[in-house]
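Chemist: Dropping the structure in here first, questions after.
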Amino acid sequence: MTKPKLKIILAQPRGFCAGVERAIEIVERTLQKFGAPVYVRHDIVHNKYVLDDLKKKGAIFVKELYEVPDNAPVIFSAHGVAQQVLAEAQRRKMFYIDAVCPLVSKVHYEVEAHHRQGQQLILIGHAGHPEVIGTMGQLPAGAVILVQNKEDAATVEINNPEKLSYITQTTLSVDDTKDIVAILKARFPLITSPKKGDICYATTNRQAAVRDIAPVVDALVVIGSRHSSNSNRLVEVAKSYGCDRAYLIDHAGELNWADMQGIKTLGLTAGASAPELLVQEVIETARRFFDVETETLTVTQENVLFNVPRILASQAR
């Protein structure tokens, strides 16, 4: 029986960003240099396949430092940690490596600089996300006010609007953040913006690709974890730009191909923590049901690289 034709439009860029590649490399090099087990506080990145692969190599993921034995190497996740976590590691004289993404570190530096200048800080982000917890934890409790949406921006109360700055989580919706910032600037005209936007290049580029693809496909699939902020935002962007049938999946096995009957074009992308092999898995699975043709839509080329910490720099992969 002849298979129906399906064009898969691949977003470019997609998948791993430089911060995720660096974080994974830090765990792998630490295992090579010090041997298993190596402990990692929280998920190094938000992707089950990546975590399972690192577990097989000897990484042990824990929620808090008390679960880490004395004298065992411990790595902090790419999302960043609060100062109290660093202080506890130092108190216990632990050997730790901070795999925080350099672009998250940039936000931490901004937080500290604004605080030193006596500024009240607003953080635009999602409550409970590890990056938000880490960023707010750079300062004493109450020094950073969290604004999650337009309603929060319209009602947040500030003691001194003349000494006010805002920062953002790095993995937010570009469009939603613009709307929130517009409300804050209308209410607080003297509010200070980041010198350079805090939403990272990878988040911005992946959303831009989805904005271009969404209007021209019948359905769109995002490969990424449900815990991944940037992956969830890609689904939201797809729906906002005309593709109501947008799905977030961890892997090809989660996709109900019966739902895809009748479609002629499928958009396909991956969040910044999802490896390319999961993208190829979806394409190969689609070939069982469709006569597949692939096309790549490129919005920009990425060539960002982040160095690993010096203590691991000489360790060959």
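The values are calculated or read from the model by the stated rules, or taken from the named source; none is laboratory data. Quick caveat, the model's predicted, so the values are computed rather than measured. Note that we place each Cβ from the backbone using ideal geometry, even for glycine, and neighbour counts take in every protein chain shown.
Chemist: For the range 59-95, which positions are over 23 Å from residue 46 (Cα atoms) and assigned to a loop (DSSP other than H, G, I, E, B)?
Modeler: Hits for the range 59-95 are 69, 70, 71, 72, 92, 93, 94, 95.
Chemist: Further question: Considering 285, 265, which residue is touching a helix residue (DSSP H, G or I) at 6+ places or on another chain (Cβ under 6 Å), among the β-branched types (Val, Ile, Thr) and farther than 26 Å from residue 200 by Cβ? Steps first, answer last, please.
Modeler: Working: 265 fails: touching a helix residue (DSSP H, G or I) at 6+ places or on another chain (Cβ under 6 Å).
Going through 285, 265 in turn, the sole match is 285.
Chemist: Any idea which of 287, 310 is surrounded by fewer than 20 Cβ atoms within 10 Å (Cβ to Cβ) and at pLDDT 95 or above? Please lay out each step first, then the result.
Modeler: On the way: 310 fails: at pLDDT 95 or above.
Among 287, 310, only 287 is surrounded by fewer than 20 Cβ atoms within 10 Å (Cβ to Cβ) and at pLDDT 95 or above.
Chemist: Further question: It is to be established whether one or more residues within the range 62-72 are surrounded by fewer than 22 Cβ atoms within 10 Å (Cβ to Cβ), under 29 Å from residue 222 (Cα atoms) and either without any contact (Cβ under 8 Å) to a residue 40 or more places away in the chain or in contact with a strand residue (DSSP E or B) (Cβ under 6 Å, 6 or more places away or on another chain) (or both).
Modeler: yes
Chemist: What residue, of 108, 114, is assigned to a helix (DSSP H, G or I), touching a residue at least 40 places away in the same chain (Cβ under 8 Å), buried (at least 16 other Cβ atoms within 10 Å of the Cβ) and of a type outside the set (Val, Ile, Thr)? Even if it seems obvious, please write down each step before you answer.
Modeler: Numbers: 108 fails: touching a residue at least 40 places away in the same chain (Cβ under 8 Å).
Being assigned to a helix (DSSP H, G or I), touching a residue at least 40 places away in the same chain (Cβ under 8 Å), buried (at least 16 other Cβ atoms within 10 Å of the Cβ) and of a type outside the set (Val, Ile, Thr) holds for just one of 108, 114, which is 114.
Chemist: Filter the range 188-239 down to the residues that are in a helix (DSSP H, G or I) and charged (D, E, K, R) and list them by number. Quick ask: steps written out before the conclusion?
Modeler: Applying the first criterion (in a helix (DSSP H, G or I)) to the range 188-239 yields 201-216, 229-239.
Listed by number, the residues that qualify are 206, 211, 212, 233, 236, 239.
Chemist: Among the residues of the range 213-265 satisfying the criterion of being among the charged types (D, E, K, R) and closer than 22 Å to residue 19 by Cβ, which is modelled with the lowest pLDDT?
Modeler: So the first thing to find is which residues in the range 213-265 are among the charged types (D, E, K, R), and the list is 218, 226, 233, 236, 239, 244-245, 250, 254, 259, 264.
So of that shortlist, the ones also closer than 22 Å to residue 19 by Cβ come out as 226, 233, 236, 250.
Values: 226: 93, 233: 97, 236: 98, 250: 96.
Of everything passing the filter in the range 213-265, 226 is modelled with the lowest pLDDT.
Chemist: Against the conditions (1) touching a residue at least 40 places away in the same chain (Cβ under 8 Å); (2) farther than 25 Å from residue 49 by Cβ, where does residue 213 fall short? Just the number, please.
Modeler: Condition not satisfied by residue 213: (2).
Chemist: If you don't mind, there's one more thing I want to ask. When both residues are 6+ apart or on different chains and their Cβ atoms are under 8 Å apart, which pairs have a first residue that lies in the range 145-172 and is closer than 22 Å to residue 103 by Cβ, and a second that is of a type in the set (Phe, Trp, Tyr) and not in a helix (DSSP H, G or I)?
Modeler: Note: pairs meeting the criteria are 147/166.
Chemist: Going by the structure shown, is residue 46 touching a helix residue (DSSP H, G or I) at 6+ places or on another chain (Cβ under 6 Å) and assigned to a loop (DSSP other than H, G, I, E, B)? Explain how you work it out, then say what you get.
Modeler: Numbers: touching a helix residue (DSSP H, G or I) at 6+ places or on another chain (Cβ under 6 Å): no; assigned to a loop (DSSP other than H, G, I, E, B): yes.
No, not satisfied.
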